[in-house]
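Data first, discussion second: the structure below is written as structure tokens.
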Amino acid sequence: PYREDMIYISVYRHPIDVHFSLLKHIANMKYDFLDFVAPPEPGAAFARFLESPSTDTGTDDLTLASLLVHYRSFAKWAHLPNVYIFHYADLTRDLTGHIRAYARAIGVPVTDELVDGIAKAASFGSMKQTTRDNTTPATQSAFHEEHKFFDSASSQKWKGRLSDTEVAAYSARISELASAEEIAFLENGHGAG
């Protein structure tokens with residue numbers, strides 16, 4: 001539901017990066033309730049991601065189609081003053097600029113020192129170290145190894161892992177589901193493609 005007194009922030013990433021990141025999280029999880037996303041047969045998880053529709057369960061489908069449903073649910077309201085859409089690629093290109101943008105979005109004034117401190121704390125190395133230093137008992141964690149939640153800060157690690165046929169299938173499917181403008185944003189953010 002939409003409320004004028006709320007602030008809505010949504011962050012996106014290249015759809016294939018989302019899929020591969022999710023597979024790593026599932027492999028590290030102690031619970032099997034998401035195992036349906038990662039069938040063990042070679043290529044089955046990616047085929048499911050591409051081909052399965054979005055259903056009444058919405059974004060819980062964890063498919064390309066459901067990712068588009070989620071994106072559109074925010075994008076259609078992006079003209080409103082309390083709805084903000086960001087992209088991981090833009091954050092990696094200009095973290096401090098986007099920290100300032102987040103601060104403006106939530107109405108919090110920031111100094112250069114605070115922005116620099118947040119940028120340092122939000123760096124991949126710092127976040128990964130924080131999970132290593134976490135004193136939460138392992139029995140209270142959803143993950144076998146919490147530090148693996150932050151596996152890597154890179155994008156497009158799927159290059160070389162997908163066949164040319166799978167990449168072509170992705171291109172065909174996303175072109176079927178989304179406009180060129182939507183694809184450009186979901187794959188690259190606001191930066192050059």
With the requirement that a residue be surrounded by 11 or more Cβ atoms within 10 Å (Cβ to Cβ) and not in a loop (DSSP other than H, G, I, E, B), what does segment 109-120 give you?
L114, V115, D116, G117, I118, A119, K120
Please determine, by comparing only the residues of segment 90-114 that are touching a strand residue (DSSP E or B) at 6+ places or on another chain (Cβ under 9 Å) and touching a residue at least 40 places away in the same chain (Cβ under 8 Å), which one is farthest from I7 (Cα to Cα).
L91
Applying the selection to segment 18-65, what residues are under 24 Å from A142 (Cα atoms) and among the polar types (S, T, N, Q)?
S21, N28, T57, T59, T63
Do we have any residue at all in segment 117-132 that's closer than 20 Å to H190 by Cα, β-branched (V, I, T) and under 20 Å from the mean Cα position of the chain (by Cα)?
no
Being closer than 16 Å to Y170 by Cα, over 15 Å from the mean Cα position of the chain (by Cα) and among the small types (G, A, S) narrows it down to one residue among A45, A78; which is it?
A45
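Values quoted throughout were computed directly from the atomic coordinates according to the rules given, and no laboratory measurement underlies them. Computed from a predicted structure; not experimentally measured. Using ideal geometry, Cβ is built from the backbone for each residue, glycine included, and neighbour counts are taken over all protein chains shown.
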